[in-house]
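Here's the structure we're looking at; comments come further down.
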Amino acid sequence: MCGIVGAVADRDVVPILVEGLRRLEYRGYDSAGVAVLDGTGKLARVRSMGKVAALVKAMDGSLAGKVGIAHTRWATHGVPSQNNAHPHVCRNMVSVVHNGIIENHEQLRETQIQAGHIFTSETDTEVVVHQIYDYHVEQGKDLLASVRAAVDDFDGAYALGVVSAKEEGRLITARRGSPLVIGVGIGEYFIASDVAALLPVTQRFIFLEEGDIADIRRTGLVIYNAQGNEVQRPIKESEQSADAVDRGEYRHYMLKEIYEQPQAIADTLEGRISEGRVLEQAFGAAAPDIFDKVQGVHIIACGTSYHSGLIGSYWLESIVGIPCSVEVASEFRYRKPVVRNNSLIVTLSQSGETADTLAGLQEAKRLGFGHSLSICNVPESSLVRESDLVLLTRAGPEIGVASTKAFTTQLVALMLLVITLGRRNGLSAEDEARMVGELEKLPGEIDRVLKLDEPIQEIAKQFSDKHNALFLGRGAQYPVAMEGALKLKEISYIHAEAYPAGELKHGPLALVDENMPIIAVAPNNELLEKLKSNLQEVRARGGELLVFADMHSELQQAEGIQVLNVAPVDDAMSPIVYTIPLQLLSYYVAVLKGTDVDQPRNLAKSVTVE
């Protein structure tokens with residue numbers, strides 16, 4: 001959600017911190033701030049409302065130091081304001097940046113007020129800096145011991161970066177429940193909540209584990225585990241390049257990421273299929289034994305990933321013939337699900353750090369559901385580390401808040417799972433080879449559907465004055481409609497809903513008139529004739545239809561009906577292909593509306609708090 005950057009070096013770290021914040025701005029952009037130790041025993045801080053550009057303007061070149069921390073915020077506790085912006089400082093001595101939520105902050109705040117602390121913000125983070133200050137200054141502990149003592153007082157989740165004017169040249173970091181990495185340079189170290197922030201200065205990273213605390217100086221670092229024992233964590237080389245998160249020739253990251261989908265899908269398939277077969281070892285060495293026991297699947301996900309899970313459930317039940325349930329992660333952990341023996345728990349997440357999905361996985365493991373599989377885009381993420389099996393989507397960095405290539409690569413990964421489980425449940429070698437062949441065609445199919453870009457731009461103009469929209473689909477296309485509605489609402493701020501087309505007469509028809517555009521997806525499958533009848537119900541009530549239809553569907557352009565033809569595609573793969581024009585439509589409507597496409601209001605990319 002929020003973004004953390006920190007550095008200890010023998011050079012001015014402010015440019016490094018600012019560039020890191022720019023690269024993390026997709027995680028939060030309500031406010032931003034930097035605090036540095038200026039080499040004279042003083043702590044200097046600048047904060048501002050808005051995006052990183054506003055912070056740079058506020059600094060006006062006045063800030064410099066060899067040790068520093070920085071933060072870009074997405075508000076949880078306290079409204080966006082300069083006082084609520086991080087870093088927080090206690091008595092010009094200790095400064096802290098924090099991701100996560102301190103759940104017992106109200107009790108700590110009452111105790112700290114009684115001890116004489118004055119609060120200047122509404123945030124839960126301010127109790128963190130006061131607590132550390134009390135151990136550090138009032139009780140005389142060194143900074144490491146102070147952080148260690150303070151985190152024992154906290155309930156909740158945190159990733160922390162802490163500096164002190166008493167101990168220049170030192171940066172303490174700690175994590176529990178929120179991601180944090182250490183970048184390793186030559187005679188310098190960095191911290192960040194995401195690898196992408198540090199790619200301009202290093203490609204060598206240490207991924208802190210749950211409960212770790214690191215004592216970082218320019219000359220080296222020491223890591224302690226949750227039990228307080230010194231431990232070694234491996235240094236891993238990132239395959240990402242610094243320019244992987246640049247927009248290049250594209251106006252927005254979202255458009256770039258839409259157009260990266262053919263390559264992302266090809267990368268996701270690479271090394272996982274051979275001679276018409278899925279190589280199930282791609283899921284992990286233990287995959288064959290685990291898959292042999294699977295009698296059902298339980299998918300846990302949030303947001304866009306939940307929609308991919310719904311499509312996966314259609315595939316699993318229709319192709320594999322085993323039961324599949326799909327849960328919104330934030331609901332799953334608070335109800336009392338019935339445990340099914342030999343279920344495979346599948347978690348879907350772009351970041352692998354979504355708090356509700358992580359908690360859902362932990363709850364499923366506690367209840368004894370069965371083995372777990374993570375389908376994720378980040379190899380070093382918490383979700384990956386907690387799962388028995390992993391299939392990485394290889395989508396590359398996704399910066400736009402509205403997920404595009406993460407969604408379609410998740411669907412490809414789910415289809416690999418479907419085929420792998422299918423061969424244990426009656427899927428013939430011939431059918432598997434046919435489905436693998438259709439997967440291999442997908443990059444080309446998506447390239448073809450991207451050629452609808454220009455006509456979609458023209459159609460988007462009709463939405464410029466609209467306030468509501470309805471998306472329709474049937475079968476596995478219903479979750480595609482849900483995803484299309486989500487994309488439109490989150491980046492253009494047009495209220496949009498999705499319905500199974502057969503449900504129109506059960507309520508939504510009451511909303512239909514000439515001011516309510518209806519968007520439908522119509523591949524050429526066994527439900528096409530049913531869908532055509534549903535569309536006629538809309539036209540009979542004056543609704544304006546936009547239909548993305550298979551060119552052999554015989555749907556014709558007419559008054560009140562616009563049809564954009566899509567090349568024929570295998571029915572099982574059609575949800576992946578028909579997603580693309582809905583992404584383009586949402587993008588171009590948002591551009592015409594003048595919204596912030598990559599960073600829509602009130603939203604952040606990774607929801608790492610509950």
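The values are calculated or read from the model by the stated rules, or taken from the named source; none is laboratory data. Given the structure is predicted, the values throughout are model-derived calculations rather than measurements. Counting neighbours? That spans all protein chains shown, and the Cβs are built from the backbone with ideal geometry, glycine included. Ligands, DNA and RNA are excluded from the accessible area calculation, which covers all protein heavy atoms including side chains. Shrake-Rupley method; radii C 1.70, N 1.55, O 1.52, S 1.80 Å.
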### Query
Applying 1/(1 + (r/R0)^6) with R0 = 56 Å to the Cβ-Cβ distance of GLU122 and ASP292, what FRET efficiency is obtained, to the nearest 0.05?
0.55
### Message
So if each residue of separation counts as 0.36 nm, and I subtract the Cα-Cα distance between LYS57 and ARG340, what length gain in nm does that give?
### Response
96.2 nm
### Other-chain or far-sequence residues with amide H under 5 Å of GLY296's (modelled H)
LEU344
### Query
Round to a whole number: what % of the accessible area of the stretch 63-140 belongs to carbon and sulfur, probe 1.4 Å?
46
### Query
Taking the alpha-carbon centroid of each part, what is the distance from the stretch 346-410 to the stretch 315-337 in angstrom?
15
### Task
Express the C-alpha Rg of the stretch 95-241 as a ratio against the empirical globular expectation 2.2 N^0.38 Å, rounded to two decimals.
1.06
### Task
Quick one: net charge around PHE154, please, counting Lys, Arg +1 and Asp, Glu -1 for every other residue with C-beta under 9 Å from its C-beta.
-3
#### Entry: Extension gain (nm, one decimal) between GLU110 and ARG11, 0.36 nm per residue minus Cα-Cα
31.6 nm
### Message
Using 0.36 nm times the number of residues separating HIS467 and GLN536, minus their current alpha carbon distance, what extension gain do you get?
### Response
22.5 nm
#### Entry: Heavy-atom accessible area order for LYS451, LYS593, LYS256, LYS487, largest first, 1.4 Å probe
LYS451, LYS593, LYS256, LYS487
## Note on the structure
Binned at 10 Å from zero, the C-alpha pair distances of the chain give percents of 3, 17, 25, 24, 18, 10, 4, 0
### Summary
Computed over the chain, the relative contact order (Cα-Cα under 8 Å, seq sep at least six) in percent reads 12
### Query
Using the beta-carbon distance between LYS236 and ALA266 and R0 = 25 Å, what value does 1/(1 + (r/R0)^6) give for FRET efficiency, to the nearest 0.05?
0.55
### Task
Any chance you could look up the accessible area of HIS371 with a 1.4 Å probe, heavy atoms only, rounded to 10 Å²?
80
### Task
Measure off 7 Å from each Cα along the Cα-to-Cβ vector at ASN425 and SER81, then give the distance between these two points in nanometres to one decimal.
5.4
### Message
With the crude spin-label approximation of a point 7 Å out along Cα→Cβ, what separation in nm comes out for GLU249 versus SER318?
### Response
3.8
### Query
With Rg and the Kirkwood Rh both taken from Cα atoms, where does Rg over Rh land for the stretch 344-479?
1.04
### Task
Give the percent of DSSP beta bridges with both residues in the chain that are antiparallel, rounded to the nearest 5.
60
### Summary
Of the listed pairs LYS256/LYS489; LYS236/LYS487; LYS236/LYS441; LYS51/LYS365; LYS57/LYS405; LYS57/LYS489, those with alpha carbons more than 30 Å apart are LYS236/LYS487; LYS236/LYS441; LYS51/LYS365; LYS57/LYS405; LYS57/LYS489
### Query
Can you give me the relative contact order of the stretch 121-242 as a percent, contacts being Cα pairs under 8 Å and 6 or more apart?
18
### Summary
Only helices counted: for the chain, with every DSSP H run of 4 or more residues adding -39500 (n - 2.57) and the sum spread over all residues, [θ] at 222 nm is -10000 deg cm²/dmol
## Note on the structure
Taking a probe of 1.4 Å and leaving out DNA, RNA and ligands, the chain shows per residue an accessible area in Å² of 38
### Task
Identify all aspartates and glutamates with a Cα-Cα distance to LYS336 below 20 Å; exclude those on the same chain that are fewer than 8 residues away in sequence.
GLU327, ASP356, GLU363, GLU610
### Query
Between ASN515 and LEU592, what is the FRET efficiency for a Förster distance of 22 Å, r being their Cβ-Cβ separation, to the nearest 0.05?
0.80
### Query
With θ set to phi - 60° and the Karplus curve 6.51 cos²θ - 1.76 cosθ + 1.60, what are the ³J(HN,Hα) couplings of the stretch 426-440 in order, to the nearest whole Hz, using x for Gly and Pro?
x, 6, 6, 4, 5, 5, 4, 4, 5, 5, 4, x, 5, 4, 5
### Query
To the nearest 10 degrees, how steeply does helix 477-492 sit against the main Cα axis of the chain, on a 0 to 90 scale?
50
### Task
Could you rank ARG423, ARG340, ARG335 by how accessible they are, 1.4 Å probe, largest area first?
ARG335, ARG340, ARG423
### Query
Let a ≥ b ≥ c be the square roots of the eigenvalues of the Cα gyration tensor of the stretch 1-140; is it rounded (a/c under 1.5), or, if not, prolate (a/b larger than b/c) or oblate?
oblate
#### Entry: Largest-first ordering by accessible area, 1.4 Å probe, given options ASP134, ASP289
ASP289, ASP134
### Query
Along the stretch 314-319, what does the Karplus equation 6.51 cos²θ - 1.76 cosθ + 1.60 (θ = phi - 60°) give for ³J(HN,Hα), rounded to whole Hz, x for Gly and Pro?
4, 5, 4, 7, 7, 9
#### Entry: Per-residue HN-Hα couplings for the stretch 577-583 [Karplus 6.51, -1.76, 1.60; θ = phi - 60°; Hz; x = Gly/Pro]
5, 6, 5, 4, x, 5, 5
